[in-house]
Amino acid sequence: MQSPDEETLVERACRGDPDAFEELVVSYQSLAFRTAFVIAGDAADAEEAAQDAFVKAHRALGRFRSGEPFRPWLLTIVANEARNRRRSRGRRAALALRAADPGAPGEDPETAALASERRERLLTAVQRLRDDDRDVLACRYFLDLSEEETAATLGITRGTVKSRTHRALGRLQEELE
Amino acid sequence: MIDLELELRDLAAHLDVPMHPPLAGAVLVRITRARRRRRVLTLAVATGLAALAVALAVPGSRASLLRFFHIRGAAVRLVDKLPPLAGHRSLGIPIPLDRAPFRLLLPSGRRPARLYAGDGGYWLRYPGLLLFEFESGNGATLIKKAAVGTHVEYVRVGGEAGIWIGARHAVFLPGGPPVAAGHVLIWQHGVLTLRLEVAVGLDQALAIARSLR
């Protein structure tokens, strides 16, 4: 659901108002970049993908249906661009954990080290999954998208999001065992 | 599963995702450039169409635009008057069929009565039919001139471009005077250009051309 303000902004952008489109880019650049990054796994690819996605979205504004949510529509384009780059690169760049991540406040160093080790294992297991399994987990848990938004982003049905998420979690569990 | 889902959400908070670069400036620059390019292209297309319309409206220009036909390996120009034509010339050196350096295409697979190497290609003579095959990829071009009013048209043979000349015309072969030719179909076939001279109409000529193998 988009706010009335955003709906107005999208309508203005559709009518060719460059200021309105700029505001949309500013609002969504962080999410677009993050989405592209978790799919492509590389900052330069993610920047290019997000930039190209905004340019393509601007070109396609004439086909945008008034009243539809803008965010999943944009994310579909971003995800496509990111997947194209991942495909053309021929291999997937690996996501990494932040270096020297501080533990939770009050957490003792040993617990923090164990948690960090567990995260490393989990991330390695995620990286070993097939692209479609990894993408659905990234959308649902790394980007915190709803099932509906994940479906739009990946160009699949909501039912497929459910089944694929279930399958991907099962495979992830197997990887961890 | 619930634990794993919670762990994945926790993992998201610890991923090393770089700070997003400011995209708005670059995006707006690209949009503005693209819009300008589209405007220039629209203007160029409109100017081109207008120039073509003017050219077609002027009888002299229209005539010259419609007087030239070209496919790879052959060009036909319509001229007001044909040059003096020689009636006959040698087709080259007779050779056996297996001496051609590329696989010749034969009408319905039939072997020719005679095969000659000459004029940068191979002449295949059959009773009532003359076929010339040459590799046109190297820029070799067969030049033909036909008088204004001659039936000349573009055709398609097996999906490739061709030209039909439905009357007597002049063919310019290297190292000799222009010679007279009758009904001729010329067409591209892969790297080859073929010329079929036969005293039949276009439909029959196309049927022969399509039978080549």
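In region A:43-70, how many residues are charged (D, E, K, R) and surrounded by 20 or more Cβ atoms within 10 Å (Cβ to Cβ)?
Within region A:43-70, residues that are charged (D, E, K, R) and surrounded by 20 or more Cβ atoms within 10 Å (Cβ to Cβ) number 3.
For the condition crowded, with 22+ Cβ neighbours inside 10 Å and either among the polar types (S, T, N, Q) or modelled with pLDDT of 90 or more (or both), what is the one hit in B:T141, B:T193?
B:T193
If we scan region A:53-62, do we find a residue that is without any contact (Cβ under 8 Å) to a residue 40 or more places away in the chain, touching a Lys or Arg at 6+ places or on another chain (Cβ under 6 Å) and not in a loop (DSSP other than H, G, I, E, B)?
yes
Report yes if A:A50 is within 18 Å of A:L145 (Cβ to Cβ), at the interface with chain B (Cβ under 8 Å from one of its Cβ atoms) and assigned to a helix (DSSP H, G or I), otherwise no.
Yes; evaluated as a whole, the condition is true for this residue.
Whether any residue in region A:113-132 is at pLDDT below 85 and farther than 18 Å from B:R9 by Cα is what I want to check.
yes
Check every one of the strands (runs of 3 or more DSSP E) wholly within region B:96-157 and list those with 2 or more residues that are basic (K, R).
Fully inside region B:96-157 and qualifying: B:142-147.
Given the condition more than 11 Å from chain B (Cβ to nearest Cβ), polar (S, T, N, Q), surrounded by 13 or more Cβ atoms within 10 Å (Cβ to Cβ) and touching a residue at least 60 places away in the same chain (Cβ under 8 Å), answer yes or no: does some residue in region A:75-84 qualify?
yes
Across region B:196-208, what is the total count of residues that are in contact (Cβ under 8 Å) with a residue 60 or more places away in the chain and either closer than 20 Å to B:A146 by Cα or buried (at least 24 other Cβ atoms within 10 Å of the Cβ) (or both)?
Qualifying residue count for the region: 4.
Restricting to region B:18-31, what's the tally of residues that are more than 50 Å from the chain's Cα centre (by Cα), at the interface with another protein chain (Cβ under 7 Å from one of its Cβ atoms) and surrounded by fewer than 18 Cβ atoms within 10 Å (Cβ to Cβ)?
1
How many of the residues in region A:113-131 are within 10 Å of A:E175 (Cβ to Cβ), within 17 Å of the chain's Cα centre (by Cα) and assigned to a helix (DSSP H, G or I)?
The number of residues fulfilling the criteria is 2.
Of the residues A:L145, A:L172, which single one is modelled with pLDDT of 90 or more, in contact with a helix residue (DSSP H, G or I) (Cβ under 6 Å, 6 or more places away or on another chain) and part of a loop (DSSP other than H, G, I, E, B)?
Result of the check over A:L145, A:L172: A:L145.
Do any residues in region A:14-36 that are more than 10 Å from chain B (Cβ to nearest Cβ) and within 23 Å of B:P18 (Cβ to Cβ) have Cβ atoms under 6 Å from those of residues that are among the β-branched types (V, I, T) and assigned to a helix (DSSP H, G or I), where the two are at least six apart or on different chains, and which pairs are they?
Correct list of pairs: A:T35/A:V78.
Here's a check for you: in region A:141-163, which residue that is farther than 19 Å from A:A53 by Cα and crowded, with 20+ Cβ neighbours inside 10 Å is farthest from the other protein chains (Cβ to nearest Cβ)?
Only one residue fits best here, namely A:V161.
The values are calculated or read from the model by the stated rules, or taken from the named source; none is laboratory data. Note that this is a predicted model, so its numbers are computed, not measured. FYI the Cβ positions are ideal-geometry reconstructions off the backbone, even for glycines, and counts take in every protein chain you see.
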